[in-house]
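No value in this document is a laboratory result; all are computed from the given coordinates. Nothing here was measured: the structure is a model prediction, and the numbers come from that model. Because the Cβ atoms are built from the backbone with ideal geometry, glycine has one as well, and the counts that use them run over all protein chains shown.
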Amino acid sequence: MKFVIITHVPHSKVNNLYYAYAPYVREMNVWGNHVTQVVIVAPFFSGKATAIDSSYQHQNIHFIPVPSFDLLSIQAILLTLFKLPGLLWVLFKAMKSADHIHLRCPGNIGLLGCFVQILFPNTPKTAKYAGNWDPESKHPWTYELQRWILSNTFLTRNMQVLVYGEWKGSSGNIKPFFTATYSEKDKLAVVPKVLQGVVDFVFAGTLVHGKHPLYAVQLIENLHQKGYLVRLRLYGEGVQRKVLEEYVVAHQLESIVFLKGNQSKETLQKAYQDSHFIVLPSESEGWPKVIAEGLFWGCVPLATAVSCVPFMLDYGDRGILLEMDLEKDILQIESVLSNQSLFDYKQTRGAEWSRGYTMDFFEAEIKKLLAR
């Protein structure tokens, strides 16, 4: 089977191996286990792979580079219009040769893929919508357009659209799905975490405004001011790093807040294992892997009620749903910090739930999708 991937994720090449963002690549390697050839249509850059990148493992990969683009300014739109005919032709040729078409959405390349796939109603297709599918949430117009095309069963045929969460009113081709990081063999015993001494919090994600890493710092600052022995480690890089560094220094938090930068999967796993809580005060998510990973290793999540997060946390039974109001959120956190039994209950419930979504289960579901 020739499996054609259409994605906006930037790729690089090192020692004849193609690299991209590790969580995405680990997922695509699972799909690759069940096809004979992988064709990747994606932007390419000549830089080196980083600590958060991983390589494809398939033995038969054909890479087709396409230019990245955006629609954020008049100049960018004009440049995109210049690139568009060539881009569409590349996508058309790749899809024409495919036994199975796989779109990665939302994204600009995925948007074009949504249009071109209409021309192949008989080819089996899947689309992974990795963003927030919640119809009540606000989305950029390009995301709304992708959602509309994918949901339209007249335009989009022979396709299963994988989304996070179950949403009322969805068309028949919309399939609630999930993602995973760990396997059955990773199910080591969850170590009990005692709320005595220093209580550790971890933030993992891009340091951008939409993820609100500063709010995570402020939560720790407020708990510290109230006399709690707390510590926060932030993993990730982004444009807000300098803002965070300056805030930490200005508020004399150097002894309790630490910016660790991008780190490997193994380093993050150790951080989850050593932490009591994972914090993700994000504005928008799809299926936040860091929440599922933290739950897997016994962290109690503190996360905003976006996308399918309320489902993941069982509406607060497996964690705390942040309201983005410092006073209210501190009270919620204190109610758990002062109650070991409540913490243990949330930790146990969370780990049990997360450990049902393993890579083994994920691969079994992928096989079913490709067999249709």
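What full-extension length gain, to one decimal in nm, is calculated for ASN33 and ARG241 as 0.36 nm per residue of separation minus the Cα-Cα distance?
71.1 nm
Within the straight-line cut-off of under 24 Å between alpha carbons, the lysines reachable from LYS270 are LYS185, LYS187, LYS193, LYS211, LYS260, LYS289, LYS346, sequence neighbours fewer than 8 places apart in one chain being disregarded. When the Cα convex hull of segment 137-287 is projected onto planes of every orientation, the mean area is 12.4 nm².
What's the exposure ranking of VAL239, VAL116, going from fewest to most Cβ atoms within 10 Å?
VAL239, VAL116
Here LYS13 is the anchor, and the aspartates and glutamates within straight C-alpha reach of less than 17 Å, apart from those fewer than 8 places off in the same chain, are ASP53. Annotation: the antiparallel percentage among DSSP beta bridges lying fully within the chain is about 10.
Between segment 86-138 and segment 190-223, the alpha-carbon centres lie 37 Å apart. With both labels modelled 7 Å from their Cα along Cα-to-Cβ, the ASP274 to VAL191 distance reads 1.0 nm.
Place +1 on the Cβ of every Lys and Arg and -1 on the Cβ of every Asp and Glu in segment 1-108, take the dipole about the Cα centre, and give the residue among SER73, TYR56, PHE92 whose Cα lies farthest towards its positive end. Of the options given, the answer is PHE92. Looking only at segment 284-313, which residues have a backbone nitrogen under 18 Å from a spot 7 Å from the Cα of HIS251 in the C-beta direction? Output list for this probe position: 302-304. Just want the answer: with Cβ charges of +1 for Lys and Arg and -1 for Asp and Glu, which residue in ILE320, ILE330, MET359 is farthest toward the dipole's positive end in segment 239-372? Checking the options against the dipole of segment 239-372, the answer is MET359.
For the pair GLN75 and GLN340, label points projected 7 Å from Cα toward Cβ lie 6.1 nm apart.
How do ILE333, ILE149, ILE77 line up, fewest other C-beta atoms within 10 Å first?
ILE77, ILE149, ILE333
Listing GLU365, GLU293 from fewest to most neighbouring C-beta atoms within 10 Å gives GLU365, GLU293. For the chain, a simple Cβ point-charge model (Lys and Arg +1, Asp and Glu -1, everything else neutral) yields a dipole of about 1400 debye relative to the Cα centre. Straight-line cross-link reach from LYS125 at under 16 Å between alpha-carbon atoms covers these lysines, not counting any fewer than eight positions away in the same chain: LYS2, LYS93, LYS96, LYS175, LYS367, LYS368.
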